[in-house]
Amino acid sequence: MGDSAGLQFVSSYAFEAMQKVDVVRLAALSDPELRLLLPCLVRMALCAPADQSESWAQDKKLILRLLSGVEAVNSIVALLSVDFHALEQDARKEQQLSSGLQGGSNAESILVSQLQHGLTLEFEHSDPLRRLRLTLSELLAIMNKVADSNGEFFLKSSELFESPVYLEEVADVLCILQAELPSLLPIVDVAEALLHVRNGDWFLCLLVANVPDSFNEVCRGLIKNGERQDEESVGGRRRTEALRQLCQMNPSQALNIRAMVVEECHLPGLGVALTLDYKPDAADEAVSPLVSYVSGLLLGTNSKVRTWFSMFIRNGQQRKRESSSVLWQMRRQLLLELVAILPRSRSTHVPNNGGMEEEGGSGYSGLREEHVVKASALLRLYCALMGIAGLRPTDEEAEQLLQLMTSRPPATPAGVRFVSLSFCKLLAFPTLVSTPEQEQLMVMWLSWMIKEEEYFESAAGVSASFGEMLLLVAMYFHSNQLSSIIELVCSTLGMKIAIKPSSLSKMKTIFTQEIFTEQVVTAHAVRVAVTNNLSANITGFLPIHCIYQLLRSRAFTKHKVSIKDWIYRQLCETTTPIHTQLIPLIDAYINSILTPASKANPEATNQPITEQEILIVFQSSAGVSPGRQRYSITTQLLILYYILSYEENLLASTKQLALMQKKPKSYSAALMDQIPIKYLVTQAQGLQQELGGLHSALLRLLATNYPHLCLVEDWVCAEEVTGTLPLLRKMMLPSNTCRYTQRQLHQAFQKLPSGSPRLMRILEHLTLLSPGDLIPYAEALTANMALLLEPAVPRRILQTVNKLWMGLNTVMPRRLWVMTVNALQPSAKLLRQQRYTQNDLMVDPLIVLRCDQRVYRCPPLMDIVLHMLNGYLLAAKAYLQCHLKETADFDRQSQTVSSLGVPGQPDTPEVTREELKNALLSAQDSAAVQILLEVCLPTSEEQQLGATTDSLLRSIRGPVPGKSKQGSLGPAAKGGVEAAEPEGGLLSDLREVQCLICCLLHQMFIADPNIAKLVHFQGYPQALLPLTVAGIPSIHICLDFIPELLAQPQLEKQIFAIQLLSYLCTQYALPKSLSVARLAISVMGTLLTVLTRAKRFLFFMPTLPCLVAFCQAFPPLYDDVAALLVQVGQVCSSDVATKARDIDPFIARLQYLKEKPLEAVVSGGHPCKLTLPQKTAEELGGADPDVQLCYCIEATFMDIISCTLHGL
């Protein structure tokens, strides 16, 4: 608004005095300044105040004294004497007339009658009322036009607001009108209207100065109604200028107004202008307000604000350069700030004598330390302006920017940051380097970076220097990973910039051909020191990033540079929280060991970490080498991850390695035995937050390669060991309690059983220790386990030893298992003892069961043996699978070479080896099950004491099939059987061992149902069926394959199937059991017709009693069973028809029992007796198998009838 340039505006001093009603300050104002504030002061002096205090009364007197000498006060008093109510009514009538006629002329105005002269002359000759009417009419006309303009700007030519002679009088009238008619003339609407007349900003400032409380309201209204891009239009520029004048009048609110601008995303030029006008109190700020403001807009999180301001920059560049443009003012100010912090003005001309290489050379004076932070902020701002807002720098700006970027800062953390930013800006905007001189300057600066990197890192005391970034960029250029360079640049600058990969071609040439050849990169990378105590807390670009990229690009193997030592040193220098780059580094290193860089050179691989180096890490953790520094748990876990991952990748790559005739060495089993795998994984479980994804990666590798270390029971036991209760018990343990040594524990064992109390005290103390603290006692505990098998050892000692063993099993399972197996071998008197190794036990898990026979009747130790057996069976599977993978592909390769031209030959060994492995595993599992089932059988001594295997079922159901004697059935007989149970039989060691074995078999059957099928096809003693059916819940799966077992040709398997089915029907009376029972009855009927006389006797004698269980479980089968029995009886009687004794009465009794079973029992109140004397029956039975079978049939009938009556 240049039209009001010659007018005097209200000063900030005067506005503050008006705001605070500071009469002393007002009195100090000059007459021209006071003249601008008269409307408010006169109203203040004349109107009745709300403040009736004495102090205000004194101030009012001072104001009256101040006004008494001013002549213009009289005209303002006259204006205030008008009837404003009538004036407002006329104004509203004119507004209605104006809206009805869509705007009227002065001839039709109610406020102003027919004008004889122009507005200025009319104003000059008019009385106060007419002056008010003239101004009000003109103002309302402008406001109406603004309302009808739909946002389009216009400039209203008004003689009244343009005449310099009457401006002050018009301003007085305007202020009085707004103050007396606020509802008719809202101050925000008046302010908006004033923008459309000349001198509008001056009138606006006077209006607001006379109503100082309206400042924020007026500014917010003007901003809300403003344009999104103020410099695009005349209206926007006028609005910006008006608001800028308002803020100069009230500078304390300038930053608040700027915040409104950003909040509304209107008038971006105003925000910049206010920042340029802002003078901070502290002149020595590190970063100027302009840099802070513009950086905040472009680098903030609000994308709407970023887009809005970027559009301001882009649009501003499209217009011709104007000195009045806010954008060019901003650019000029930024350039001045940039030049001010340059070391000194220097030319990009490079002299030929090379003097610039010297540190103190004439062209390279250093950047001052106090300017480094400001220089970094300026660099980021220019990056944002060019990369986000699309600013195109002028030649002068580009020249000065390059001067700043290639300056040399002091060796401080801020200096390191500045160099990193300068380097990334060069990569992001390579167009800044346009001339050969500039390019040479850049190359020399990069060379200086390489030379001074180590000094900067040591002097600045930072771990992440710009040297790693240089290396990383060089590696990316060599591997043509331009997108990674762009990502690195954006990450360092902290902003997303659109960089075209094609723009990096010049920089790529400079890097790969002049500064960093690939060989230089790899050689330099190995010499870079590892990062001490590397963790996720160290941010920035580190040597590990460079090594990782070089490993991925296979640069080390290509140039035959050994990187093994560097990686090993870095793994040893780690701590928690784990750095995210460590696991990818190990993976890339393993890949470079196993996979050659090219097929043409299969030997081009890195060397693996040696076993000796690995042992050093773990030996120090166990205290073997006290002189060595203890390695952190992070180092040990990373080395463990390396070994397990290496072994897994080695197995997965065997086919490719076999094709290349290359076989990398696997780590020995002896090494793996010395690594406390389970202990380390348990430690990692408590550090999952600090270890990131390392714990889950280790668990995955363990589950694949060491399934015996991932038993569910072990995890549950670990919860019990590390739970709340043990923690409370340990807290209750007094600190001065005595400490027992391993020697004391060993001596206490030797004094068993007389020394039981002392041993018990030691063991109870050990239960309060953590599993890790128990490790030193493991050898003494296991070596003396055989002594626990002696008689009279208290059960409490056995249980405590079991508890301690389970605790140790959570931290050192493999070593513990080997020691335990060796300790529980039979005594030397029976067998020469042999020391087994871990490998022996994995090859033959059944060694576990070749222990002292007394273990089989010692439940706490049997529990330990079963736990080890389960683990070694799983370990055998993993071992054989691994062995198969290790050897199969090399055997196949050699076979392929030796049998060229024979189609199909190489595939045969592969199939055979897999089948052999599965057969061996099945044989191992089934043998283990059979041995365990054999253990469940009572010994001869136990049989003499009355122990039986069917007692497990006796409390569940009635008589056991096949155990009843002929002619002695019924309730009384059943009671006799129960009475015969030995006292305390269910609390015996045998019973407890049977329960433990049944639990393990249940788990094995669930894990692999084929084991159950194989075992039952092999068969086992019929006396064990009551135990297995009742004690193994998962045995119901046998119902699936019993039909197949019945179809076997061997008579023994068919008998075993029917006997097993009889117990299953009683235990699981399911629809499926019913259908299988029907099938069994049908098979028995079929076999009756095909079996010879001798085989018939062998088949039906053990299976007929099973029909009792079928009828007991499923009464609907009674008819089928009775018909079968009669049919068997008829066949048998026909075979003995030629005998001397007539057995027709026997057949008649069978028919009678079939048709009227209840009547046969009810008559006489007891079952009918056999008519043959007992002696004769025995004679006949001993003489003829068919006769024995006949009596067995009748006894079966009687058992069925008795069970039915017992059920009723």
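The values are calculated or read from the model by the stated rules, or taken from the named source; none is laboratory data. All of these numbers come straight from a predicted model, not from anything done at the bench. Cβ atoms come from the backbone with ideal geometry, glycine included; neighbour counts cover every protein chain shown. Protein only, heavy atoms only, side chains kept; ligands, DNA and RNA dropped before computing areas. Shrake-Rupley method; radii C 1.70, N 1.55, O 1.52, S 1.80 Å.
Calculate one ³J(HN,Hα) per residue across the range 572-579 by plugging θ = phi - 60° into the Karplus curve 6.51 cos²θ - 1.76 cosθ + 1.60, and present them in order as whole Hz with x for glycine and proline.
Ordered by residue, 3J(HN,Hα) equals 6, 10, 10, 8, 8, x, 5, 6 Hz.
What nm distance separates the two modelled labels at L1091 and L7, each placed 7 Å from Cα along Cα→Cβ?
12.6 nm
Which far-off residues, 5 or more places away or on another chain, put their amide H under 5 Å from the one on L534, with H placed in the peptide plane?
T574, T575
Pop the C-beta distance of L846 and A792 into the FRET formula with R0 = 30 Å and round what comes out to the nearest 0.05. Display every interim value, and only then the final one.
Values: r = 31 Å, r/R0 = 1.04.
It comes to 0.45.
If one computes the Cα centroid of the range 1083-1137 and of the range 246-305, what distance in Å separates the two points?
Distance between centres, Cα-based: 105 Å.
For the range 29-102, what percent of Cα pairs sit more than 22 Å apart?
Values: 1179 of 2701 pairs.
So the pairs more than 22 Å apart make up 44 percent of the total in the range 29-102.
Between E369 and E396, what's the calculated FRET efficiency when r is the beta-carbon distance and R0 is 45 Å? Round to 0.05. The partial results should precede the final answer.
Numbers: r = 27 Å, r/R0 = 0.59.
Given R0 = 45 Å and the Cβ-Cβ separation, E is 0.95.
7 Å from Cα along Cα→Cβ at both Q881 and C265: what's the point-to-point distance in nm?
It is 5.7 nm.
In percent, how large is the relative contact order of the range 1-84, given Cα pairs closer than 8 Å and 6 or more residues apart? If you can, show how the numbers build up before the last one.
Details: 31 pairs, mean separation 23.4, N = 84.
Across the range 1-84, relative contact order equals 28 percent.
Compute the separation of the alpha-carbon centres of the range 767-793 and the range 168-244 and state it in Å as a whole number.
Taking the Cα centre of the range 168-244 as reference, the centre of the range 767-793 is 94 Å away.
Can you give the net charge of the other residues whose Cβ lies under 14 Å from the Cβ of T574, counting K and R as +1 and D and E as -1?
Values: positive: R569, R630; negative: E573, E690.
Neighbourhood net charge equals 0.
Please list, in chain and number order, the residues 5+ apart from S479 or on another chain whose amide H is under 5 Å from its amide H, with Hs placed from the backbone.
When sequence neighbours closer than 5 places are left aside, there are no close amide H contacts.
Calculate the FRET efficiency for Q607 and K451 from the Cβ-Cβ distance with a Förster distance of 45 Å, rounded to the nearest 0.05.
Numbers: r = 32 Å, r/R0 = 0.70.
Working from the Cβ atoms, E equals 0.90.
Work out, step by step, the length gained on full extension between N839 and E941: first 0.36 nm times the residue separation, then minus their alpha carbon distance; give nm to one decimal.
Values: separation 102, 0.36 × 102 = 36.72 nm, distance 3.75 nm.
Length gained, N839 through E941: 33.0 nm.
Hey, which of these cross-link pairs are over 31 Å Cα-Cα: K145/K279; K564/K885; K803/K1053? Kindly include the intermediate steps, with their values, before the conclusion.
Values: K145/K279 39 Å; K564/K885 27 Å; K803/K1053 42 Å.
Pairs exceeding the cut-off: K145/K279; K803/K1053.
Could you pull out the pairs from K425/K508; K224/K304; K451/K558 whose alpha carbons sit more than 18 Å apart here? Walk me through the numbers before you get to the answer.
Working: K425/K508 15 Å; K224/K304 16 Å; K451/K558 26 Å.
Checking Cα-Cα distances, K451/K558 exceed 18 Å.
Classify the range 736-835 as rounded, prolate or oblate from the Cα gyration tensor: take a ≥ b ≥ c as the square roots of its eigenvalues, call it rounded if a/c is under 1.5, otherwise prolate when a/b beats b/c and oblate if not.
Numbers: a/c = 1.94, a/b = 1.21, b/c = 1.60.
Since a/c reaches 1.5 but b/c is at least a/b, the shape of the range 736-835 is classed as oblate.
Calculate, in nm to one decimal, what T431 and N649 gain on full extension: separation in residues at 0.36 nm each, minus their alpha carbon distance. Kindly include the intermediate steps, with their values, before the conclusion.
On the way: separation 218, 0.36 × 218 = 78.48 nm, distance 4.64 nm.
Gain on stretching T431 to N649: 73.8 nm.
In sequence order, what are the phi-derived ³J(HN,Hα) couplings for the range 915-932 according to the Karplus relation 6.51 cos²θ - 1.76 cosθ + 1.60 with θ = phi - 60°, rounded to whole Hz, with x for glycine and proline?
The phi angles translate into 5, 5, 4, 5, 5, 5, 5, 5, 5, 4, 4, 5, 5, 4, 5, 5, 5, 5 Hz.
Just the C-alpha atoms of the range 1022-1061: what Rg/Rh do they give, with Rh taken as the Kirkwood radius?
Numbers: Rg = 10.3 Å, Rh = 10.5 Å.
For the range 1022-1061, the value is 0.98.
I'd like the accessible area for M812: 1.4 Å probe, protein heavy atoms, all chains in place, Å² to the nearest 10.
20 Å²
Short version: ³J(HN,Hα) in whole Hz for each residue of the range 1022-1027, in order, from phi by Karplus 6.51 cos²θ - 1.76 cosθ + 1.60 (θ = phi - 60°), x for Gly and Pro, what are they?
Computed from phi, the couplings for the range 1022-1027 are 4, 5, 8, 4, x, 5 Hz.
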